[in-house]
Amino acid sequence: MRIAGRPVRIAEIPTAGTDLPALTRPAVLRLVHCRLAPGLSCAESVRTLAGDPEARAAFTEALASPGAQPPSGGPRSRR
């Protein structure tokens, strides 16, 4: 994952000798949610990622691209 073009690491995974900023797993989930599924609650986006292989693949592809925008046809709010 990158923020402002710079890689970040998962805080719960021990690393040595790196100056990369760290995010906790919940922070990463919130970031992904805000970037790719703003129309869903955070809980809904996690359920979608956990239960829908196609949505998970679309999110993964979108996160790998610069700018990380919501996948076309991706999850929308059910509210």
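Take LEU29 and tell me if it is over 10 Å from the mean Cα position of the chain (by Cα), closer than 15 Å to LEU63 by Cβ and either without any contact (Cβ under 8 Å) to a residue 60 or more places away in the chain or surrounded by 13 or more Cβ atoms within 10 Å (Cβ to Cβ) (or both).
In short, no.
Among the listed residues THR48, THR15, which satisfies the condition of being modelled with pLDDT of 85 or more, of a type in the set (Val, Ile, Thr) and either crowded, with 16+ Cβ neighbours inside 10 Å or assigned to a helix (DSSP H, G or I) (or both)?
From the options THR48, THR15, the qualifying one is THR48.
Given the structure, is ARG35 surrounded by 11 or more Cβ atoms within 10 Å (Cβ to Cβ) and either of a type in the set (Phe, Trp, Tyr) or at pLDDT below 80 (or both)? Spell out how you get there, then give the answer.
On the way: surrounded by 11 or more Cβ atoms within 10 Å (Cβ to Cβ): yes; either of a type in the set (Phe, Trp, Tyr) or at pLDDT below 80 (or both): no.
In short, no.
The values are calculated or read from the model by the stated rules, or taken from the named source; none is laboratory data. Keep in mind that this is a model prediction, so the values were computed, not measured. FYI the Cβ positions are ideal-geometry reconstructions off the backbone, even for glycines, and counts take in every protein chain you see.
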